[in-house]
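The structure appears below as structure tokens.
Since every read-out is calculated from the coordinates, none of them should be taken as a lab result. The shown structure was predicted, so the numbers you read here are calculated from the model rather than taken from an experiment. Reconstructed Cβ throughout: ideal geometry from the backbone, glycine too, with neighbour counts over all protein chains shown.
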Amino acid sequence: MNRRHQQIKRYTMLYWLHFTISLVLLFIFGIVFCFCYFTGFQEKMTLAHLILMMLILMLTIFFRMNAWHYQNFLWKETEITKIRVGRERQQMLRGERQFYE
């Protein structure tokens, strides 16, 4: 139980870390995009700037997908614990019935 609890804490930390990094990168992408689109800098845009913006966007998607993966794992863990608690209660009730019969 202690190992599972540590694993859940680790995945929760990784979820929040990846989710926060993806939001920061999305914010940076938005600032760079607005700066490049709404100022006179769009006339001086080079291929390197576009590649850098695409790299930031791809990193954002990568971190968001990892955060989704960890969130999915945590949802499954909560479902498993609910099922286990339900089974333990059923076994406890069955055991009490068998004792009284």
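Listed values, structure above:
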quantity: Within region 2-19: backbone nitrogen closer than 19 Å to the Arg87 label point (7 Å, Cα to C-beta); calculated: 2-5, 8
quantity: GNM flexibility winner over the chain from Tyr37, Tyr15, Tyr70 (Cα, springs under 10 Å); calculated: Tyr37
quantity: Mean separation of Cα contacts under 8 Å, 6 or more apart, over the residue count of region 2-100: relative contact order %; calculated: 42
quantity: For peptides 58-65, 38-45, sequence by mean Cβ density within 10 Å, most packed first; calculated: 58-65, 38-45
quantity: On Cα atoms only, tilt of 47-100 relative to the major axis of the chain in degrees; calculated: 10
quantity: Size of electric dipole in the chain: Cβ of Lys, Arg +1 and of Asp, Glu -1, about Cα centre, debye, nearest 20; calculated: 460
quantity: Residue (of Ile31, Met53, Trp16) at the positive-pole extreme of region 2-100, dipole from beta-carbon charges; calculated: Trp16
quantity: Structure-based [θ]222 nm, the chain - -39500 (n - 2.57) summed over DSSP H runs of at least 4, per residue, nearest 500; calculated: -33500 deg cm²/dmol
quantity: Region 2-100: radius of gyration over Cα atoms, expressed as a fraction of 2.2 N^0.38 Å; calculated: 1.88
quantity: In degrees, nearest ten, helix 2-38 long axis to first principal axis of the chain (Cα); calculated: 20
quantity: Whole-Å semi-axes of the ellipsoid equivalent to region 31-79 (Cα gyration tensor, √5λ, descending); calculated: 36, 10, 4
